[in-house]
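As structure tokens, the structure follows; a few thoughts come after it.
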Amino acid sequence: QTGSCSPQGSRKNRQLKTTIPKVFFVIGPAGSGKSSVSRLIAQRFGAAYIDKDTATIRFTELLLKLNNSDPNERDNNEFYQSIIMPLEYASILDLTRDNLQAGNSVVLDAPFGKYFPDAGYLAKIRAAHQWPEAELIVVHVRLSGDALRRRLLDRGYPRDEWKLANWETFWSGAQANSCHWTGARHIDFDNSAGAADITAFAAAIADGDL
């Protein structure tokens, strides 16, 4: 019968709407496999996937060029760090709010490294971007320095040139920059293998009754 909606489908939709959505912050150094892990989590939990580069890279590169800056140099670019990067994060955090308001869980694929020292960062962004209630999960993507360096070499991104040319500085900084955020559950994701495996991570989530 056209135009009808089954009672079973209606009940299912109501049940879905009562579930508190989740926000997964997938963090780790460049080349650690955040994007692969993020996509796996999004598929496993039926969440919206928001990648900072996909959402902002066209505007970021244009703004850097207009400022006579190298579009591939960001780690040591004051204009990028102080002006552009805050706009990038504000954009993806607003997109997160829009999805949460629609009842969708979200996976955020972005480094967030500059904000790690601020223990109250999550509370601040929830208030500033007017997020509704959500469960926050910080996913730490881990792998060895040797494995990370090989991945950076293999992918050959121009923006990784500084990291590889100054490897000891980059790697020591990445290790020292630990995440101090409160107000969320923190889970490690071992990505040392050749391909990311969601099995152990999903089990850890299930153990927490999330």
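The values are calculated or read from the model by the stated rules, or taken from the named source; none is laboratory data. Small disclaimer: the values here were computed from a predicted structure and weren't measured. We place every Cβ from the backbone using ideal geometry, glycine too, and count neighbours over all the protein chains shown.
Annotations
- Some residue of region 139-148 being hydroxyl-bearing (Ser, Thr, Tyr) and touching a Lys or Arg at 6+ places or on another chain (Cβ under 8 Å): no
- Residue-level check: of (1) closer than 25 Å to residue 188 by Cα; (2) surrounded by fewer than 16 Cβ atoms within 10 Å (Cβ to Cβ); (3) in contact (Cβ under 8 Å) with a residue 24 or more places away in the chain, residue 161 misses just (1).
- Positions within region 107-127 being farther than 26 Å from residue 44 by Cα, among the hydrophobic types (A, V, I, L, M, F, W, C) and touching a residue at least 24 places away in the same chain (Cβ under 8 Å), in sequence order: 116, 119, 123
- Considering (1) at negative phi; (2) outside any strand (DSSP E or B); (3) in contact with a helix residue (DSSP H, G or I) (Cβ under 8 Å, 6 or more places away or on another chain), the lone condition that residue 31 does not fulfil carries the number (1).
- Candidate set: region 38-77, residues that are of a type in the set (A, V, I, L, M, F, W, C) and more than 20 Å from the chain's Cα centre (by Cα); chosen: the one farthest from residue 26 (Cα to Cα): 66
- Filter result (within 22 Å of residue 202 (Cα to Cα) and at pLDDT below 50) within region 1-50: 15, 16
- Helices (runs of 4 or more DSSP H) fully within region 52-158 that include at least 1 residues being in contact with a His (Cβ under 7 Å, 6 or more places away or on another chain) and surrounded by 14 or more Cβ atoms within 10 Å (Cβ to Cβ): 85-101.
- The residue that is surrounded by the fewest Cβ atoms within 10 Å (Cβ to Cβ), among those in region 165-191 that are at pLDDT below 85 and farther than 17 Å from residue 111 by Cα, is 168.
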